[in-house]
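Trainee: Pasting a structure here, questions to come.
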Amino acid sequence: MYIGGFVASWACWRTSGFMGMKWITGIRARSYETLFSYLTYHSAEYFSNRFAGALANKIGNASDSGSRIIQTTLWQMIPLIMSFIVGMAVLSTANAILTGIMAAWVVVFLVVMTFLANKRRPLARAAAESGSTMKGVMVDSASNMTAVHQSGHHEFEIDHLQDYILDSRDAGRRIWFYSEWSLVT
């Protein structure tokens, strides 16, 4: 039975690798295509009020997030759920009281994780927005470096970007705080 379980586990793992390869690369390509197409039809005024680098970065963030969702589901969530189901089935044959305690702990765990996820969601949006803005300012500044050199505004550009870097750092720390608490539970 152990050998059969090992072979089945290995086969599922390799199958998920091939499925993930197809799905993740497909989702990434499709999201870039869809989001860039959507962006293309915005008004000229929309582009005049935003950094090109920030817009490209938002597309990249959205594409990467879709990929991470599939990766997390395939290689973390599904194995965790399967392990829990098998573990609870085995545990229920050994001790009903311990099975009840474990089930209660899982319920508490899910409630806490849902609470932390809801707290983390707006922070994740803010961190992504801050990072996109920072990268947009950096790309805009770098693409105008000739003008910076000609005007001698090196320190101004560095100081200007520093504010965005600090905002991005602070947004990252806020979201990381809730991530760390989710690992405590």
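The values are calculated or read from the model by the stated rules, or taken from the named source; none is laboratory data. All figures in this text were calculated on a predicted structure; none of them were measured in a lab. As a convention, Cβ positions derive from the backbone with ideal geometry for all residues, glycine included, and neighbour counts pool all protein chains shown. Keep in mind that these areas ignore ligands, DNA and RNA; they rest on the heavy atoms of the full protein, side chains included. Shrake-Rupley method; radii C 1.70, N 1.55, O 1.52, S 1.80 Å.
Trainee: Scan segment 138-179 for residues that are open to solvent by 70 Å² or more (accessible area, probe 1.4 Å), in contact (Cβ under 8 Å) with a residue 24 or more places away in the chain and among the hydrophobic types (A, V, I, L, M, F, W, C) and jot them down.
Mentor: Met138, Val139
Trainee: Restricting attention to segment 39-55, and to residues there that are free of Cβ contacts under 8 Å to residues at least 40 places away in the same chain and either among the hydrophobic types (A, V, I, L, M, F, W, C) or in contact with a His (Cβ under 8 Å, 6 or more places away or on another chain) (or both), which single residue is surrounded by the most Cβ atoms within 10 Å (Cβ to Cβ)?
Mentor: Out of the qualifying residues, it is Leu39.
Trainee: For segment 91-110, state whether one or more residues are in contact (Cβ under 8 Å) with a residue 12 or more places away in the chain, open to solvent by 60 Å² or more (accessible area, probe 1.4 Å) and not in a helix (DSSP H, G or I).
Mentor: No, every residue in segment 91-110 fails to be in contact (Cβ under 8 Å) with a residue 12 or more places away in the chain, open to solvent by 60 Å² or more (accessible area, probe 1.4 Å) and not in a helix (DSSP H, G or I).
Conditions tested, residue by residue: (1) of a type in the set (Ser, Thr, Tyr); (2) open to solvent by 70 Å² or more (accessible area, probe 1.4 Å); (3) assigned to a helix (DSSP H, G or I); (4) touching a strand residue (DSSP E or B) at 6+ places or on another chain (Cβ under 8 Å).
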| position | (1), (2), (3), (4) |
| --- | --- |
| Ala8 | no, no, yes, no |
| Ala11 | no, no, yes, no |
| Phe18 | no, yes, yes, no |
| Ser31 | yes, no, yes, no |
| Thr34 | yes, no, yes, no |
| Asn61 | no, no, yes, no |
| Gly66 | no, no, yes, no |
| Leu74 | no, no, yes, no |
| Leu80 | no, yes, yes, no |
